[in-house]
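Read the figures in this text as sums done on the coordinates, not as results from a lab. Treat the numbers as computed from the prediction; the structure is a model and nothing was measured. Counting neighbours? That spans all protein chains shown, and the Cβs are built from the backbone with ideal geometry, glycine included.
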Amino acid sequence: MESKSVGFIGGGRITKIFLQAFANELISFQSVVVCEISSEVLNVLKKRFPKIQLTDSCELAAAQDIVFIALHPPVFMDTLEQIKDTVTRKTEVVSLAPKISIEKIASKLETKNIVRMIPNATSYINKGYNPVSFSTEYAPSEKQLLFEMLQTLGKTFEVKESKLEAYAMVSAMLPTYFWFQWEEMQNLAVQMGLNETESKEAVQQTLLAAIDLFYNSGLSHSEVIDLIPIKPIGEHEAQISEIYQTKLMGLFQKIKP
């Protein structure tokens, strides 16, 4: 893979995930520059990734070959205004934010090499499920090289830009809907007499098998559900479904372009 310089604007969770994923796969760059205004965040990154260059200058990060913008939508456009004179026609810009379209990004920057990506926490272990959408004018040779680099994060696939926010809701945020429940089940297992190792293995192995059964058994949804006759929280399913509908569809409407 051709070695290029990389800049990250924003040094939070997503940048940490990307840097860890690249480190796992021994991906090297000419340089890695991370711009972040929080000294605490910078110190954490430097301790974990000692070879990176840290700065509070977005312009310095934006001067690299590939620039990842890991910012929330409210400050995104103001940051583009700040770096627009630094980004060149050859710069590859990767937006990791929802809501801000490629068209809006292109209206501020000289480069046409723009890609939007919905990152996943599971990329931390190189098992992300990462949809991407490229600008129509992206240079084909550069697009291929960037796509190969992004594939090291996990399953990376190209989609229509209009679908990115849906993937943000049903993939990127999906673990947060369940992680706390898995933790609670482990805690309950300990209360019921299992030790921590036994509780973790019981929950993990059953979840993996249940996912496989649900999607790969050839049974219908109702047939899978019918395999277990006792459903201790079945009477609350309608209430839980209503929470999903209200909270998730409400958030989806807010993050759509």
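Computed from these coordinates, which is Cα extents along the principal axes in Å: (i) 70, 32, 30; (ii) 53, 38, 38; (iii) 64, 38, 32?
Recomputing Cα extents along the principal axes in Å here picks out (iii).
Out of segment 151-198, which trypsin sites (Lys or Arg not before Pro) are coil in DSSP terms and have no more than 13 other C-beta atoms within 10 Å? Don't jump to the answer; show the numbers that get you there.
Working: sites: Lys155, Lys160, Lys163; in loops: Lys160.
Passing sites in segment 151-198 are Lys160.
So what are the ³J(HN,Hα) numbers for segment 135-151, from phi and the Karplus equation (6.51, -1.76, 1.60; θ = phi - 60°), rounded to whole Hz, Gly and Pro as x?
So the Karplus estimates, Gly and Pro as x, are 5, 5, 9, 4, 4, x, 5, 5, 4, 5, 5, 5, 4, 4, 5, 5, 5 Hz.
Can you bin segment 60-118 into rounded, prolate or oblate? Criterion: square roots of the alpha carbon gyration tensor eigenvalues sorted a ≥ b ≥ c, rounded for a/c under 1.5, prolate for a/b above b/c, oblate for the rest.
Working: a/c = 1.43, a/b = 1.33, b/c = 1.07.
Judged from the Cα gyration tensor, segment 60-118 comes out rounded (a/c under 1.5).
Run the numbers for Tyr177 and Glu148: contour at 0.36 nm per residue of separation, minus the present Cα-Cα distance, in nm.
Working: separation 29, 0.36 × 29 = 10.44 nm, distance 3.03 nm.
That works out to 7.4 nm of additional length.
Can you give me the long-range amide H partners of Val34? Hydrogens built in the peptide plane at 1.01 Å from N, cutoff under 5 Å, separation of 5 or more residues or another chain.
Phe8, Gln53, Leu54, Thr55
Per the helix-only calculation at 222 nm, which mean residue ellipticity applies to the chain, given -39500 (n - 2.57) for every DSSP H run of n ≥ 4 and division by its residues, nearest 500 deg cm²/dmol?
Working: 11 runs with 116 residues, N = 257.
Helices in the chain give a 222 nm mean residue ellipticity of -13500 deg cm²/dmol.
Mind ordering 248-254, 39-45, 102-108 by average Cβ neighbours within 10 Å, highest first?
Answer by packing, highest mean first, reads 102-108, 39-45, 248-254.
Put a dot 7 Å past each Cα toward the Cβ at Ile230 and Lys155; how far apart are the dots in nm?
Taking the two extended label points, one gets 3.5 nm.
Rounded, prolate or oblate: which fits segment 86-189 when a ≥ b ≥ c are the square roots of the eigenvalues of the alpha-carbon gyration tensor, with rounded for a/c under 1.5 and prolate only if a/b beats b/c? Numbers along the way, then the final one.
Details: a/c = 3.01, a/b = 2.19, b/c = 1.37.
The shape class here is prolate.
Can you give the angle from 0 to 90° between the axis of helix 13-24 and the longest principal axis of the chain, with both taken from C-alpha atoms, to the nearest 10?
90 degrees
Quick query: amide H of Thr156 versus all other amide H atoms, modeled in the peptide plane; which residues come in under 5 Å with a sequence gap of 5 or more or a different chain?
For Thr156, the qualifying residues are Asn130.
Amide H to amide H, which residues 5 or more places from Lys4 or on other chains are under 5 Å from it, using H placed in the peptide plane?
Close amide H contacts, sequence-distant or interchain: Gln30.
With everything on Cα atoms, drop me the angle between helix 196-216 and the longest principal axis of the chain, reported from 0 to 90° to the nearest 10.
So the helix axis and the longest Cα principal axis differ by about 80 degrees.
Suppose we keep just the DSSP beta bridges with both residues in the chain; what percent of those would be antiparallel, to 5? The partial results should precede the final answer.
On the way: 3 of 27 bridges.
Approximately 10 percent, going by the DSSP bridge assignments.
To the nearest Å, what is the center-to-center distance of segment 41-80 and segment 163-214, using C-alpha atoms only?
Between the Cα centres of segment 41-80 and segment 163-214 lies a distance of 33 Å.
Using only the alpha-carbon atoms of segment 1-138 as identical scatterers, what base-10 log of I(q)/I(0) does the Debye formula give at q = 0.12, 0.17, 0.18 Å⁻¹?
One equal scatterer on each Cα of segment 1-138 leads to -0.43, -0.90, -1.02.
Determine the shape class of segment 174-255: with a ≥ b ≥ c the square roots of the Cα gyration tensor eigenvalues, call it rounded for a/c under 1.5, and otherwise prolate if a/b is greater than b/c, oblate otherwise. Walk me through the numbers before you get to the answer.
Numbers: a/c = 1.78, a/b = 1.29, b/c = 1.38.
Oblate, since a/c reaches 1.5 and b/c is not below a/b.
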